[in-house]
Amino acid sequence: MELRCISLTRDQTQVFQDFSLALNEQRIGLIGPNGSGKSSLLRLIKGLLLPRSGEIVSTARFGFVFQNPEHQLLFPTVMEELCFGAIEQGISESLAQEQSMKLLERHGAKALASKATHELSDGQKQLVCIFSVLADGAECLLLDEPCASLDHATKLQVMSLLHSLPQQVIMATHDLDLLTKFDRVIWLDAGTVRSDGAPADVIAAYLESTQS
């Protein structure tokens, strides 16, 4: 995936100007202060925001996971949530249910299949959001602070799931500890790349800047 000379304005504020970036690694973390462009970058890739100029070159199918699962969950049951995308693509309901059950079984989450979404814990809701974009055929997961409201144990569960996936993962987070095993971390600052490279190096530089 490649962003070429992207310019973006939101609410009359310039977010990116002639911004270019290639995103090819399997696990990429985005860090930076609030307003640095992390969320806007993810939304641009997904197509939720349209650039004023420039282009995004990719053939991948993207799935977006929001910070708050309540902004994503639409249906009263987990199975309906997982099946929706496949049914919209023309797959029969019975086959969509079969595929969704296999997905849950593959990740040790079969017990979620019979649950109502309002009965789920915050962590379970976030897992269902991830499963729903996987069931929809996502080849790249875009995650905006997916662990922000989760306790430590649930964070570990979500991150274990993400690391187990063959799909590309691009995740914005303020929780730097979650990125230590990623392939690459990009530090955004005011719509520009301040640092880009190995997690340990970029995170160390970022922490040093916040303490100076």
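Derivation of every value follows stated rules applied to the coordinates shown; laboratory data play no part. Predicted model only: the values in this text are computed from it and were never measured. Cβ atoms come from the backbone with ideal geometry, glycine included; neighbour counts cover every protein chain shown.
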Exercise. Say whether the condition of being assigned to a loop (DSSP other than H, G, I, E, B), among the charged types (D, E, K, R) and either in contact (Cβ under 8 Å) with a residue 24 or more places away in the chain or within 21 Å of Gln72 (Cβ to Cβ) (or both) is met by at least one residue in region 158-176.
Key: yes
Practice problem: Determine which member of the set Ala113, Ala60, Ala86 is touching a Cys at 6+ places or on another chain (Cβ under 7 Å) and not basic (Lys, Arg). | Solution: Ala60
Self-check item: Enumeration of residues in region 192-212 that are in a helix (DSSP H, G or I) and among the charged types (D, E, K, R)
Solution: Asp201, Glu208
Quiz item: Which one is surrounded by the fewest Cβ atoms within 10 Å (Cβ to Cβ) among residues in region 164-180 that are over 17 Å from Ile45 (Cα atoms) and not hydroxyl-bearing (Ser, Thr, Tyr)?
Solution: Pro166
Quiz item: Do you know which residues across region 7-62 are part of a helix (DSSP H, G or I) and closer than 27 Å to Gln89 by Cα?
Solution: Leu41, Leu42, Arg43, Leu44, Ile45, Lys46
Practice problem: Taking the options Gly47, Gly90, Gly32, Gly63, name whichever one is farther than 23 Å from Tyr206 by Cα and touching a Phe, Trp or Tyr at 6+ places or on another chain (Cβ under 8 Å). | Solution: Gly47
Quiz item: What are the residues in region 181-212 that are surrounded by fewer than 14 Cβ atoms within 10 Å (Cβ to Cβ) and within 24 Å of Ala138 (Cα to Cα), if any?
Solution: Lys181
Quiz item: Applying the selection to region 69-106, what residues are under 28 Å from Leu48 (Cα atoms), of a type in the set (Gly, Ala, Ser) and assigned to a helix (DSSP H, G or I)?
Solution: Gly85, Ala86, Ala96, Ser100
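A quick yes/no check of all residues on (1) closer than 18 Å to Phe64 by Cα; (2) assigned to a helix (DSSP H, G or I):
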position	(1), (2)
Gly108	no, no
Ala113	no, yes
Lys125	yes, yes
Val128	yes, yes
Phe131	yes, yes
Ala138	yes, no
Leu142	yes, no
Cys147	yes, no
Quiz prompt | Meets criteria (loosely packed, with under 15 Cβ neighbours inside 10 Å and either over 16 Å from Gln72 (Cβ atoms) or touching a residue at least 12 places away in the same chain (Cβ under 8 Å) (or both)) for Ser132 | solution = no
